[in-house]
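Below is one structure, written out as structure tokens, with a few remarks after it.
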Amino acid sequence: MEPTDHDALDAYSQIVSAVAEALLPRVAAVRVRRSGRSGEGSGSAVVLTAEGHLLTNAHVVGNADSGEATFADGSVASLDVVGRDPLADLAVVRTDRAIGDPPTYRDVDDLKIGSLVVAVGNPLGMAGSVTAGIVSGLGRALPVRTRNATRIVEDVIQTDAALNPGNSGGALADSRGRVVGINTAVAGVGLGLAVPINATSRRIIYALMHDGRVRRGYLGLVSSPAPLPPEWVARTGQRTALRVAEVVTGSPAAVSGLRAGDMVLAVDGQPLGDAQSLQRLLFEESIGRRMEITVLRSGALVDAVAVPAELGD
């Protein structure tokens, strides 16, 4: 007997229902008390450890130090902000008591466009809301700005699962209920974005849990990916490099002699092709360490030596 449309819809409903059943107890509504004009903030958070840690967005907690989390069973727990990283839009908070076991967090390396995803959060004050859709795009870039720096959140997931204010900090899960991203932004009708779970975000989460912050190196470059001339594609095997749009005056990049218009090919012999590949090299261990940067300038290869400073708050 051939499967019918009803069979397909039933299977779809069963998948979404199973994910909702697994995740609703593990996604809390959070409310924080911010200082200054910001007032009260709210959003969602996903259980990270059974000891009481939850994962949310940095923009949800803002400058708050404390707040409360409300779970699906109606229980309420006080929380403290353990650490926040505005440049990744991630934050870790901890409740004053133990909570349920966390969901499985899955790296997005093999996630595919068209895959079913389910968003769980607390949009517009409606606790325990579930929406479903597909992965609409992968590898999107989400610019995040603070007073002193701009960073590109790498490999952002785009989905058409309905997201609204309050979904921020909630879970984006695959068809097996594994968390693949933390919902972070509503970019337009039918367009939602989520910070992915990957090696970089896991490193950031670990630093927030253990140190309360993420230390990064600072070069003072503003760059964007650009195609290499065909002759250099043949010579280097690279198709793209980072074109320097601006070098901040007095920065380590400026001291090294890097200039606007340079095409950054590699750092310490490691080829670069996008903004993320440079950012991955600028974590704590890069601070104060000699870094050899190979650039293409006026048709010739030039090596510059820079020593990253520590990126301030």
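Computed extension length for R33-H210: 61.4 nm, one decimal, from 0.36 nm per residue of separation with the Cα-Cα distance subtracted. Taking 0.36 nm per residue of separation and subtracting the current Cα-Cα distance, fully stretching the chain between D101 and D303 would add 67.7 nm.
Computed from label points 7 Å out along Cα-Cβ, the spacing between A141 and V255 is 2.7 nm.
Compared with the dominant principal axis of the Cα atoms in the chain, helix 5-23 is inclined by about 80°.
Taken about its Cα centre, the chain carries a charge dipole of about 1000 debye when Lys and Arg each add +1 at the Cβ and Asp and Glu each add -1 at the Cβ. Peptides 67-80, 288-301, 191-204 ordered by packing proxy, namely the average of other Cβ atoms within 10 Å per residue, highest first: 191-204, 67-80, 288-301. If only the Cβ of Lys and Arg carry +1 and only the Cβ of Asp and Glu carry -1, the dipole of the range 35-93 around its Cα centre is close to 160 debye.
Roughly what % antiparallel, to the nearest 5, for the DSSP beta bridges in the chain? Counting DSSP beta bridges with both partners in the chain, the antiparallel share is about 100 percent. What is the helix-to-structure angle for 199-211, meaning the angle in degrees between its Cα long axis and the longest Cα principal axis of the chain, kept from 0 to 90 and rounded to the nearest 10? Taking Cα atoms only, the helix is inclined about 80 degrees. Each peptide in 12-22, 48-58, 247-257 was scored by the mean count of other Cβ atoms within 10 Å over its residues; highest first, the order is 48-58, 247-257, 12-22.
We did not get these values from a lab; they are worked out from the coordinates using the rules stated. Owing to the predicted nature of the structure, the values given are computational and were not obtained by experimental measurement. Reconstructed Cβ throughout: ideal geometry from the backbone, glycine too, with neighbour counts over all protein chains shown.
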